[in-house]
Amino acid sequence: MHGRPRKPPTPEEEKAYDAKAAKLRSLQTQFLHFHHNQIYTKEALEVCAKLVESNPEYITAWNYRKLAVEHIVSSHSESDLESDPDCIKSIFKEELRVTERALAKNYKSYGAWYHRKWVLRKGHSSIDRELQLLQVFLKQDTRNFHAWNYRRFVAALKNRSDEEELQFTTDMINDNFSNYSAWHNRSVLLSHLLEKKVDGYFPKEKVLTEENDLVHQALFTDPDDQSGWFYHHWLLDQIVKIKTPLLVYTWPPHGSNLEVWVDGCLDVEGVNSSTITIESSMHDTNKDLVWKPLSTNNSGRAQAWVTHLSFLEEKLHFSQANPIKVTMGHSEGIKAVSDMISWGDKKFHSYEARPMESSQINFSNPLKNSDDNDLMAYKWNAETVANEISLFRELLSETDCKIGKLTLARLLTALDAMILYNKTSDSNEVVHFEEVLELYSDLMKVDPPHSQFYKDEYSLVLLQQLTSTPESLLRHCYHYRDSSPSSINSYICLRLCNLSLSRIGSIEQLLWIQMLDLSHNHLHSVEGLEAMQLLSCLNLSNNKIGSFSALEPLKLLKSLKALNISYNEFGAHSVDTRRYSCSSPLNHTVGADWNFGDWNPIDGIDFTNCWEAFSIFKDLKLTQLEIIGNVIAEENFKLFLVKVMPSLKWLDGVELQ
Amino acid sequence: MKEDLYLSLQPDTLPSFRHLIGSSEPLSTAGALTPLRSEANSSSDFINGYRMGEELEAEKHVNYILSVEKKKDDFESVVMEHIRINGAYWGLTTLDLLGKIGVVDSEEVVSWILKCQHESGGFGGNIGHDPHVLYTLSAIQILALFDKINVLDIDKVSNYIVGLQNEDGSFSGDMWGEVDTRFSYIAICSLALLHCLDKINVEKAVKYIVSCKNLDGGFGCTPGAESHAGQIFCCVAALAITGSLHQIDKDLLGWWLCERQVKSGGLNGRPEKLPDVCYSWWVLSSLTMIDRVHWIDKEKLVKYILDCQDKEKGGISDRPDDAVDVFHTYFGVAGLSLLEYPGLKAIDPAYALPVDVVNRIFFGR
């Protein structure tokens, strides 16, 4: 039981329990008899009242009371009402009294709170009485979420203004900063007020500044109390977040396969030829462009979108002289992997930028914000973030607070991002990668239980740093040359191995990559790779990927030919954390036609254990796969893979017959 | 979600409680039980990263659950009488995770379950009680454990649930109209288990759940209500089952959830609250579904749960040295299952049933 010490009862206690049990049992038996026989006498209602007052969660008893009230009210004739107009009132008054006694017994009883709402909806009780009641319960437990919910219900029912309720949260917070419930309600009310642009809440800058001041008091009073930090995080989000999605990256500027990366919110939808305009000399019109979201679910949303252009033949000739046209499109990719890819080091040669090839290292093109109106807001936002940064540096100089450090890291990252999106040509602001990385490595040490969280954040910042300039990215680019004389293939491979990466990010900078080596990291997910539409060779060996459902994003990579997933953790885990992110009958993201009907089982392969592998690999057109070094990679499973992927030519380095 | 029904049985609200079910009665089934941890006994090696010195007292927990099932007249059982079907689900699922559901007479359970069904199609918490979705899900889950869903009149049960969807997509718990995202989860989970999800307006149901999303990325009972780990489980699982996890800001919610782990290794349900074993389930399952479970320290949590065992008489409590109950025993064992504790069956984070049961329902031929 919650909070009850584990000790045997004394004989006296035992006796008392037995007496209570007998009493309660008798109430229950009597009550059920009345309920089943629809007896609504005064005596019956009294038994029911005793029952809910000693066991407030006995839902059937509350239901019975509602039936009884309805029965009694409807049995009053109009003449009764005329002679005694208060009789209805007194019936409901009694219900209010019963809920109060039940709540006194258990102020977390859903049944009792709901019964009171039912009475209120029928027009009984006054706002003063309800606010008084709430005062009692919120004093008893300032975090009682039932009471807070009830307060919102009463406020809405009695049309209390958001401002009045906001003042109540201010009072509660001033009383005690450590009240997450009050901060939460504040965020709800303030969102309404800001959204409706109520007088005094527009423009938002003044309000946000005041809120910041309020929450700073809480944070500086007790930096280790979490209550204010989440509110602060939300406030910063209001300042930092880009309200409308921005078209941020596109690659290539012109070409056969135009890909667009959108940022500013989780995912976007509604990308189509009317919302995205493409100007190019090579194709005719936008009208026939079909944009597809690069998403593994059916949501119609994604951060990355792709479309295919059809060329005008007379202009195509023209464009051949254009270096950007060397886009290494699909046809070249397919041809290239007709030889087996070897990930051995000797195949890779350091990349030297030569004029002829420089066009091949195409950086995705960031699109800058050029809206003047936004620039005003940007200045205020950047200034606020800069102020916050200096404030938290000050806090951290006095105390070693982990959420403070995390907040500083986030602020610095946000400032960098704001500068990038709004960069004017003459600006050369400091970029804070090193400081942020240091903060995260420090956090891993001071807060070991959450070290994997910080490590994921660290990885994202590290990748931002690596991809931030052409110079830093080139350090990780290699030429892949096949030794066979017949081959004329030459890939540029991005090698991000041995970086302890636990998470992938900054994909928007890497949309052009065809060959990617992420081996010897700590990845357990490949989310994001779906945006790299030109990828044909991918090395994920020696990571921590634990389930085939984690490979779902790869299903969207139509050019992928060679995949190395050797030395991971496939088959080593009983819990699959990607189970619900990939499409399957479990989450109703596949149609009724999703079945293995046309697939003949292989001896020793249990269908229910390999559906993830089946659903991933049947959609991949791989010619080469390395899977050695995983628990699951035994002979039967390999036979299964060969059957699922008829296109496969090499499995674990062995040429298939 | 049954948590808060049970949470209501607070020590400060119920003056006194018999804290333990007496163990004077000898167990007829005890002989049939073999310890799950026999190999681990002799070694203090790490298995899957867990030190085996701190062990799960599997056999004692089985005995404890069976003893609770037999008691009907002590105060605790009387107080819980109206949610007996929830108690049965917690106990039986725990037995299944421990590999011991075979000791239960399934026919007896199934016939009792059917007696709890109301003419409307919904189930009551016990025989003669009013129907509510809270009890209807437990009934379906128990039948699923025994592969006996087919004893139900599927149309009748599903129509009861379908009839509780409101115009805005939300669900009422019963005919009296209380609305809560717990009921959205229950309706969606129940209908999915019955292969009837297409009978409701899923799009509106999802939209309502999303309207309950908060500043911290979590979810509350109704729009504007504070985030709470139990409520978050309901909403995340409902979104998972409907293929709508993209509606969640996984990094934001994941950070809030991983910050539920406190110094002792246990998890709390809201900021600045005490840890409690039941959150091992609510928080862990949510983190698992959004693929952020590596953000907490699993080893410390395992230790916390094991520390809450009654090593003498079996059962698990909310905090070390508190009185045990079936509810916390279930959530402790289910939490350990999600933490890949050796010897336990795997549990599905969304349907809250063993993975083999869920696979049988969705992939069975």
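The values are calculated or read from the model by the stated rules, or taken from the named source; none is laboratory data. Predicted model only: the values in this text are computed from it and were never measured. In this analysis, Cβ positions are derived from the backbone assuming ideal geometry, glycine residues included, and neighbour counts consider all displayed protein chains.
A few remarks follow.
- The residues of segment B:341-354 that are facing chain A (nearest Cβ under 9 Å) and either at pLDDT below 95 or farther than 22 Å from B:Y185 by Cβ (or both), listed by number, are B:L344, B:K345.
- Residue count, segment B:197-211 (criterion: in contact (Cβ under 8 Å) with a residue 40 or more places away in the chain and within 11 Å of chain A (Cβ to nearest Cβ)): 3
- Annotation note: of A:S26, A:S79, the sole residue that is more than 11 Å from chain B (Cβ to nearest Cβ) and among the small types (G, A, S) is A:S79.
- Flag for B:N214 being over 22 Å from the mean Cα position of the chain (by Cα) and within 11 Å of chain A (Cβ to nearest Cβ): yes
- Among the residues listed as B:L257, B:L284, B:L267, B:L338, the single one being within 21 Å of B:K60 (Cα to Cα) and either buried (at least 24 other Cβ atoms within 10 Å of the Cβ) or facing chain A (nearest Cβ under 10 Å) (or both): B:L338
- Hey, A:E46 surrounded by fewer than 18 Cβ atoms within 10 Å (Cβ to Cβ), modelled with pLDDT of 95 or more and more than 7 Å from chain B (Cβ to nearest Cβ) or not: yes
- Residue match in segment A:533-543 (condition: within 14 Å of chain B (Cβ to nearest Cβ), out of contact with any Pro (no Cβ under 6 Å at 6 or more places or on another chain), without any contact (Cβ under 8 Å) to a residue 12 or more places away in the chain and of a type outside the set (G, A, S)): no
- Selection count where residues are without any contact (Cβ under 8 Å) to a residue 40 or more places away in the chain and at the interface with another protein chain (Cβ under 8 Å from one of its Cβ atoms), scope segment A:98-116: 1
- Of the set (1) at the interface with chain A (Cβ under 9 Å from one of its Cβ atoms); (2) closer than 19 Å to B:N166 by Cβ, all apply to B:A238 but (1).
- Residue that is within 14 Å of chain B (Cβ to nearest Cβ) and surrounded by fewer than 23 Cβ atoms within 10 Å (Cβ to Cβ), where the choices are A:E471, A:E527: A:E527
- Of the candidates A:V642, A:V631, A:V654, the single residue that is under 32 Å from the mean Cα position of the chain (by Cα), farther than 15 Å from A:L554 by Cα and either in the same structural domain as A:I565 (by TED's automatic domain parsing) or without any contact (Cβ under 8 Å) to a residue 40 or more places away in the chain (or both) is A:V631.
- Against the numbered list (1) without any contact (Cβ under 8 Å) to a residue 12 or more places away in the chain; (2) assigned by TED's automatic domain parsing to the domain that holds A:L103, A:D171 comes up short only at (2).
- Lone unmet requirement of (1) more than 21 Å from A:H522 (Cβ to Cβ); (2) at pLDDT 85 or above for A:N600: (2)
- Looking only at segment A:50-76, and only at residues there that are of a type in the set (S, T, Y) and within 14 Å of A:I91 (Cα to Cα), the one that is nearest to the other protein chains (Cβ to nearest Cβ): A:S74
- From the options B:L152, B:L143, residue that is closer than 22 Å to B:A237 by Cα and either within 14 Å of chain A (Cβ to nearest Cβ) or of a type in the set (A, V, I, L, M, F, W, C) (or both): B:L143
- Residue count for segment A:189-213, restricted to those that are buried (at least 16 other Cβ atoms within 10 Å of the Cβ) and either charged (D, E, K, R) or assigned by TED's automatic domain parsing to the domain that holds A:L408 (or both): 2
- Filter result (more than 30 Å from A:L96 (Cβ to Cβ), part of a helix (DSSP H, G or I) and of a type in the set (S, T, Y)) within segment A:1-55: A:Y17
- Qualifying positions in segment A:173-194 - more than 13 Å from chain B (Cβ to nearest Cβ) and either in contact with a strand residue (DSSP E or B) (Cβ under 6 Å, 6 or more places away or on another chain) or under 21 Å from B:T222 (Cβ atoms) (or both): A:L193
- Restricting attention to segment A:200-228 and to residues that are of a type in the set (D, E, K, R) and part of a loop (DSSP other than H, G, I, E, B), the residue that is nearest to the other protein chains (Cβ to nearest Cβ) turns out to be A:D225.
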